[in-house]
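Notes follow the structure.
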Amino acid sequence: MDLDDKISKIVKEFRPSGIRAFFDIVATREDCISLGVGEPDFISPQPVLESAVDAIRDGFTHYTGNQGLLSLRKEICNYLENEYQLNYDFEKEVLITVGVSQGLDIALRSVINAGDEVIYCSPSYVSYEPLIKLSGGTAVAISTNVENKFKITPEQLEQACTNKTKAILLNFPCNPTGASYSHHELEKLAVVIEKHNILVISDEIYADLTYDSVHTPISAIKWMKERTLILGGFSKGFAMTGWRIGYICGPEVWVNAVTKIHQYSMLCAPTISQIAAESALKNATHDKDLMKASYHERRNLICDGFNKIGLRTHIPEGAFYVFPEIKSTKYNSMDFATALLEQKNVAVVPGTAFGPEGEGYIRCSYATSLDEIKIALERIEEFILP
Ligand code: PLP
């Protein structure tokens, strides 16, 4: 039997993730500095660890309800209200997911019919295009670039909308560019979104890591709430990637629909991790603030460093990535990343891993120590010297 022949056409067409490929090489090298990893270098805060150990000892080893622990949902709603003055009903309008990753998958699958178009920005997080396609949708990328600070403009959105457009998938602060939107910028996009009567799936996993301004969730724009799912999580702000906890908040009808898929495909998010996430919100916000302050310092150092050595770098508003332009060198993105790794033992991700618009850029994560960032910058400077 030719098993390969049996694999679904959509899956066969997927390119392997460009990020994974680099991780695999980095793991085999000594003295390699990785600016490739998209996760915090911190261990989860102590109260989180302790609550999980207690939960295990106390025998919390069973399923929770499909929607997740009521107490965690309540805590998430308190957090959204305190931080952003957003009101969600913890009983009807929140679902606990297995990371934002699962949230994205079921959010799309709950509304997309074959052929529906979903708009997203490129460069974007590597999962978006494959997930849109897996849901049966058609992925419609809007190109962003350094000139418009990697943001979708209302004019671009207007042009991209057709009578097949079902939803827009937003991500801010953005992986890989760090771009985010102000309240005013969101309002302008919201006018176009409402005009075309489309839904919004908003991945705001990096909301806690917004540095120079205040993050505005898109559902804070009043007329957006009824058509929006907000996706949030614990992986980035609380350094809890391995616990696999995220959440979806939105209108009851839509949350019911995502919960239907969740109950058949996942049943519930891991119980111990849900308890740990609740503890994060109750007991670890100070740790979160300290980690954020540290990323802020690293962001300033790395942006400054890249601009000084002649690789133009736009200052990201959030997340923990910079997206330096490498067009002044003799390399394209893939060759730059490959040669840098081979010659100087520094791992970065080629911008093209995030879509064709990423050509001419590399993505560097600054979720690594200040010392390592300094050494990496020295090595990159030596590498690009003519
Ligand atoms: N969304 C974005 C934009 C990300 O960058 C990531 C991880 O890198 C995820 C979602 C996945 O998050 P989670 O760990 O909650 O599944």
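Once region 282-317 is narrowed to residues that are aliphatic (A, V, I, L, M) and crowded, with 20+ Cβ neighbours inside 10 Å, the residue that is farthest from LYS74 (Cα to Cα) is LEU311.
Within region 318-338, track down each residue that is open to solvent by 10 Å² or more (accessible area, probe 1.4 Å) and not in a strand (DSSP E or B). Break it down into steps so the answer makes sense when it comes.
Step one: list which residues in region 318-338 are open to solvent by 10 Å² or more (accessible area, probe 1.4 Å), which gives 325, 327-332, 334-335, 338.
The answer is LYS327, SER328, THR329, LYS330, TYR331, ASN332, MET334, ASP335, THR338.
Residues in region 183-224 that are touching a residue at least 40 places away in the same chain (Cβ under 8 Å), more than 16 Å from the ligand (Cβ to nearest atom) and touching a helix residue (DSSP H, G or I) at 6+ places or on another chain (Cβ under 7 Å): LEU199, TYR211, THR216, SER219, ALA220.
Against the list (1) over 20 Å from LEU186 (Cβ atoms); (2) touching a Ser or Thr at 6+ places or on another chain (Cβ under 9 Å); (3) of a type outside the set (Phe, Trp, Tyr), the condition GLY137 fails is (2).
Looking across region 225-240, the residues that are more than 13 Å from the ligand (Cβ to nearest atom) and either crowded, with 24+ Cβ neighbours inside 10 Å or closer than 16 Å to GLY318 by Cβ (or both) come down to THR228, LEU229. Annotation note: of LEU169, LEU104, the sole residue that is outside the structural domain of LYS292 (by TED's automatic domain parsing), crowded, with 22+ Cβ neighbours inside 10 Å and assigned to a helix (DSSP H, G or I) is LEU104. Residue count for region 198-224 under the criterion of being of a type in the set (D, E, K, R), open to solvent by 20 Å² or more (accessible area, probe 1.4 Å) and more than 26 Å from ALA52 (Cα to Cα): the result is 2.
Restricted to region 107-139, and to residues there that are within 10 Å of the ligand (Cβ to nearest atom) and in contact (Cβ under 8 Å) with a residue 60 or more places away in the chain, the residue that is least open to solvent (accessible area, probe 1.4 Å) is SER124.
The values are calculated or read from the model by the stated rules, or taken from the named source; none is laboratory data. This one's a predicted model, so the numbers in the text were calculated from it and none came from an experiment. Note that each Cβ is placed from the backbone with ideal geometry, even for glycine, and that neighbours are counted across all protein chains shown. When the accessible area is computed, the model is the full protein with side chains, heavy atoms only, and any ligands, DNA or RNA have been set aside. Shrake-Rupley method; radii C 1.70, N 1.55, O 1.52, S 1.80 Å.
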